[in-house]
């Protein structure tokens, strides 16, 4: 079986971490059938091309076709965005035409993230009568999300809705996200297929013994992740506990300033964006991962930490209850309450050795491995073809 994926998000040389969880889904599905991914990337500064450049990678049954394009720019924002969209559309359509010419007309295609590759999916459906499956992970559909789908203009929202409602089936990484889209868009044939953890990279390793509590936080540090709430809790914790917190991800000036204002510079260390290889080693040496999000659709870093046998300390969101079992692989904390988080961290420091790291890692590997998730995609494809 061959399946064409249209990916709105996907890792590229320009944006190596953009949609890496979608790439892991592609790797999982490719264990059971041939997956070809087409992803179109705007190369605004002409790093790779002055026009269009395609880079194709083959890995067993996974083919990744990353296409870079440089848009025409006249330094007028609205016109530049329009010209870029026109070229994006042309490049994507030409890539699809080539795929159809080489492989024939498939029974369906698989769209990864509605906007904006979904505009190409709508075109394929209209021109070639080929239906599509939608997989979605974006948090902007949730009511308290910032940015939110409601922030976009009428035209964007119209096409977004059309893309979602036009899918023959939908897969979502959590029950919470599935329920939201079924409720808002009347999605038919909805399924939950969670994210994947690479257990060859994320696994338990002997931790160096140290007196202080070793915490880790991994995120984009935006409003959603509430990193400032974690820092507020740590400013309270430093009175009662010896600890270090390592932050991995994009650090903005406001957070750097807050670290200084809270006098946490001897406790909190910004490590920036790093490869998964470096990240896995950092997690393996942590006592716990802290994710104090205001909203989420899943939480890949949680299963990566758990795969390393590291428990997680998380905000009490409904979606995290799909991943975390209180007292087994993590601890819940009341949202938007730094005092409560500080209290939970102090209690954890006194009882951190009570968690069974081998059991946490084994349960995570069994639930989120490549083969299990890939089989779920294959079963979906088989049912659709029948």
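The values are calculated or read from the model by the stated rules, or taken from the named source; none is laboratory data. Given the structure is predicted, the values throughout are model-derived calculations rather than measurements. Every residue, glycine among them, receives a Cβ derived from its backbone with ideal geometry; neighbour counts consider all protein chains shown.
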I'd like to know if segment 237-253 contains one or more residues that are in a strand (DSSP E or B) and in contact (Cβ under 8 Å) with a residue 60 or more places away in the chain. yes
Residue set 88, 68; condition closer than 30 Å to residue 25 by Cα, touching a residue at least 40 places away in the same chain (Cβ under 8 Å) and either part of a strand (DSSP E or B) or not assigned by TED's automatic domain parsing to the domain that holds residue 118 (or both); output residue 68
Could you run through segment 203-222 and say how many residues are part of a strand (DSSP E or B) and within 27 Å of the chain's Cα centre (by Cα)? 5
Per the filter on segment 6-41, residues more than 21 Å from residue 116 (Cα to Cα) and either assigned to a strand (DSSP E or B) or not assigned by TED's automatic domain parsing to the domain that holds residue 378 (or both) are 34
Would you tally the residues in segment 254-266 being surrounded by fewer than 17 Cβ atoms within 10 Å (Cβ to Cβ) and assigned to a loop (DSSP other than H, G, I, E, B)? 3
Hey, residue 269 touching a strand residue (DSSP E or B) at 6+ places or on another chain (Cβ under 8 Å), within 19 Å of residue 237 (Cβ to Cβ), surrounded by fewer than 16 Cβ atoms within 10 Å (Cβ to Cβ) and modelled with pLDDT of 95 or more or not: yes
Based on this model, can you work out whether residue 21 counts as under 30 Å from residue 195 (Cα atoms) and at pLDDT below 95? no
Is there any pair with a first residue in segment 345-370 that is without any contact (Cβ under 8 Å) to a residue 40 or more places away in the chain and a second that is in a helix (DSSP H, G or I) and surrounded by fewer than 17 Cβ atoms within 10 Å (Cβ to Cβ) whose Cβ atoms are under 8 Å apart and which are 6 or more apart or on different chains, and what are they? 366/372
Taking the criterion of being within 20 Å of the chain's Cα centre (by Cα), without any contact (Cβ under 8 Å) to a residue 40 or more places away in the chain and under 25 Å from residue 198 (Cβ atoms), would at least one residue in segment 302-311 satisfy it? yes
Scan 156, 141 and give me the residue that is more than 18 Å from residue 3 (Cβ to Cβ) and modelled with pLDDT under 95. 156
What pairs come out if I take residues in segment 156-173 that are without any contact (Cβ under 8 Å) to a residue 12 or more places away in the chain and pair them with residues that are surrounded by fewer than 17 Cβ atoms within 10 Å (Cβ to Cβ) whose C-beta lies under 8 Å away, six or more apart or interchain? 157/150
So, in segment 119-146, how many residues would count as being under 16 Å from residue 184 (Cβ atoms) and outside any loop (DSSP other than H, G, I, E, B)? 5
Residues that are loosely packed, with under 15 Cβ neighbours inside 10 Å: which helices (runs of 4 or more DSSP H) entirely in segment 273-386 hold 1 or more of them? 276-284, 338-351, 357-368, 370-385
Is segment 227-237 home to any residue that is assigned by TED's automatic domain parsing to the domain that holds residue 349, under 24 Å from residue 369 (Cβ atoms) and modelled with pLDDT of 95 or more? no
Residue set 44, 50; condition part of a loop (DSSP other than H, G, I, E, B), more than 26 Å from residue 375 (Cα to Cα) and in contact (Cβ under 8 Å) with a residue 24 or more places away in the chain; output residue 44
Among (1) modelled with pLDDT of 95 or more; (2) in contact with a helix residue (DSSP H, G or I) (Cβ under 7 Å, 6 or more places away or on another chain), the one test that residue 129 misses: (2)
Selection count, segment 174-186, where residues are under 21 Å from the mean Cα position of the chain (by Cα) and touching a residue at least 40 places away in the same chain (Cβ under 8 Å): 5
